[in-house]
1. Restricting attention to region 318-332, and to residues there that are open to solvent by 10 Å² or more (accessible area, probe 1.4 Å) and in contact with a Ser or Thr (Cβ under 7 Å, 6 or more places away or on another chain), which single residue is modelled with the highest pLDDT?
2. Just need a number here: residues in region 259-303 that are among the small types (Gly, Ala, Ser) and more than 28 Å from His384 (Cα to Cα).
3. Go through region 145-158 residue by residue and tally those that are closer than 17 Å to Trp480 by Cβ, surrounded by fewer than 21 Cβ atoms within 10 Å (Cβ to Cβ) and of a type in the set (Val, Ile, Thr).
4. Go through region 281-315 and report how many residues are under 32 Å from the mean Cα position of the chain (by Cα), over 29 Å from Tyr411 (Cα atoms) and aliphatic (A, V, I, L, M).
5. Residue under question is Leu207, and the condition is that it be within 15 Å of Pro414 (Cβ to Cβ), open to solvent by 50 Å² or more (accessible area, probe 1.4 Å), under 19 Å from the mean Cα position of the chain (by Cα) and of a type in the set (A, V, I, L, M); does it hold?
6. Enumerate the pairs (first residue in region 150-161 and under 15 Å from Ala315 (Cα atoms); second residue anywhere and of a type in the set (Phe, Trp, Tyr) and surrounded by fewer than 18 Cβ atoms within 10 Å (Cβ to Cβ)) with beta-carbon separation below 9 Å, excluding pairs fewer than 6 apart on the same chain, so at least 6 apart or on different chains.
7. Identify all residues within region 473-499 that are without any contact (Cβ under 8 Å) to a residue 24 or more places away in the chain, among the aromatic types (Phe, Trp, Tyr) and either in a helix (DSSP H, G or I) or touching a Lys or Arg at 6+ places or on another chain (Cβ under 6 Å) (or both); write none if there are none.
8. Listed residues Ala121, Ala99, Ala133, Ala114; which is touching a residue at least 12 places away in the same chain (Cβ under 8 Å), part of a helix (DSSP H, G or I) and surrounded by fewer than 24 Cβ atoms within 10 Å (Cβ to Cβ)?
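The values are calculated or read from the model by the stated rules, or taken from the named source; none is laboratory data. Because the structure is a prediction, the values reported are computed rather than measured. Note that each Cβ is placed from the backbone with ideal geometry, even for glycine, and that neighbours are counted across all protein chains shown. Accessible surface areas use protein heavy atoms only, side chains included; no ligands, DNA or RNA. Shrake-Rupley method; radii C 1.70, N 1.55, O 1.52, S 1.80 Å.
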Amino acid sequence: MEERGTTMGASEAELVSIPATPRAGSTPGALTPRGPPSGAVVAGGGGGGGGSRSSWTPTSLISPRFLSPIGTPMKRALVNMKGYLEEVGHLTRLNPQDAWLPITESRNGNAHYAAFHNLNAGIGFQALVLPVAFSFLGWSWGIISLTIAYFWQLYTLWILVKLHEAVPGRRYNRYVELAQAAFGEKLGLWLALFPTVYLSAGTATALILIGGETMKLFFQIVCGPLCTSNPLSTVEWYLVFTSLCIVLSQLPNLNSIAGLSLIGAITAITYATMAWVLSVSQPRPASISYEPKGSPIFINSVFSFLNALGILAFAFRGHNLALEIQATMPSTFKHPAHVPMWRGAKVAYVLIALCIFPVAIGGFWAYGNLMPTGGILNALYVFHSHSIPRALLALTFLLVVFNCLSSFQIYSMPVFDSFEAGYTSRTNRPCSMWVRSGFRVFYAFISFFIGVALPFLSSLAGLLGGLTLPVTFAYPCFMWVLIKKPQKYSFSWYLNWGLGLLGIAFSLAFSIGGVWSMVNDGLKLKFFKPI
């Protein structure tokens, strides 16, 4: 219903009608004020009332001319109500192009989907290298650092969930969009593009490496002495894993892979639990020691410590997907999207804590500073491949493969979305099935090629953790200050500025530590030479 009123000596103001809440999947265009009906004649000049009026037809029973003293407060109240509804996202302006893109074309997500996606993105191969960090940090610093990092990233996740609809009439469906809103178009793009691209495309490449190598180990365990004399090479296993990823990547959008995310979450929880349970149930190596790995040279010990903290930071990734996951949910006045998103995220991160803390603590207890650089699964294979039943060991590796296949899909979805956004903006039409499939096949083989060219990529956890740390620990704090604008010198102002600046400092320090670790350990950069 439209409400129009007039006041003496002023131009007529007009209210925009409040539309019904769009159903999930709909993409209404931007709301624009409608002009006066053809039969109505608006007031003439303002000023001191010297203007003439040819005729006047009341457009509402609420505010005719003789009720203008009452109609004006009523009109103001309705305007204020409209502003309030816009603030909570009820009148969110949607880009019609969103209906064509993989992240936003389906808006029927819920708290369960949010939990599945967050678990799939939050637990993975990076959790398996946490005992490696403990071997450099020791018991005290390892537990303290892991606890602080966990609660810090949980707080910044809450910030991202709240900022998704922080501006009236706008939903920030992608991390880069929110960064541009906070830091400016150009600066936000430069700050957020590289780390988010790496966390998507780089993680997908690392998953191909780890998935292919794990498939090779699984085959060796199952086959045992009966293996043929001509087994597949490592590159061929990468190709097998990539082919499976291509088949699964044909699912159209983020909501359609909720089932895969559920499989990824279940397999991650299962193999993480099996890894630390099998480790602590076996006799510890005779020469085990819990003294942190160090060096007689003080500066070397400092850089090793920083590199270990970078490994911890790398374990907490997935924030670059938080806004995208929330974008798959409908948002109305009574049911804003942040409610189911935060409910699902809380469940997911409780389960994540129940996985990463036992893996880190149990793995370090079982192997101490003898932990191989590849993580707890490598330690299982090196120390207990003959004492653990082959079926259990093979099942653990198989679950890792399933998890890598599922994680590849959710981490690749923002890249698929970027490809299709570029295509649809140029052609002004949605991607056909063949175009969409072509993009995904191309991306998977590019990731495969990078994996073959840079087979050492998955071993750079400390360096990569430092480079991508701002996405999780620093940028959300700055975004909160710049968008929400808390009162200057308030607790929230100090907290977010402090955490943001500390995150940037840690990012620089961890990156330096990662580079030093590469040089000190003599990392052999064997291009196009997978093991």
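1. Filtering region 318-332 for residues that are open to solvent by 10 Å² or more (accessible area, probe 1.4 Å) and in contact with a Ser or Thr (Cβ under 7 Å, 6 or more places away or on another chain), the one modelled with the highest pLDDT comes out as Ser331.
2. In the first step, residues of region 259-303 are kept if they are among the small types (Gly, Ala, Ser); the result is 259, 261, 264-265, 268, 272, 275, 279, 281, 286-287, 289, 294-295, 301.
Now restrict to residues that are more than 28 Å from His384 (Cα to Cα): 259, 261, 295, 301.
So the answer is 4.
3. Total meeting the criteria: 0.
4. Count: 1.
5. On the way: within 15 Å of Pro414 (Cβ to Cβ): yes; open to solvent by 50 Å² or more (accessible area, probe 1.4 Å): no; under 19 Å from the mean Cα position of the chain (by Cα): yes; of a type in the set (A, V, I, L, M): yes.
In short, no.
6. Tyr150/Phe357; Leu157/Trp342
7. Selection gives Phe491, Trp493, Tyr494, Trp497.
8. Numbers: Ala121 fails: surrounded by fewer than 24 Cβ atoms within 10 Å (Cβ to Cβ); Ala133 fails: surrounded by fewer than 24 Cβ atoms within 10 Å (Cβ to Cβ); Ala114 fails: surrounded by fewer than 24 Cβ atoms within 10 Å (Cβ to Cβ).
From the options Ala121, Ala99, Ala133, Ala114, the qualifying one is Ala99.
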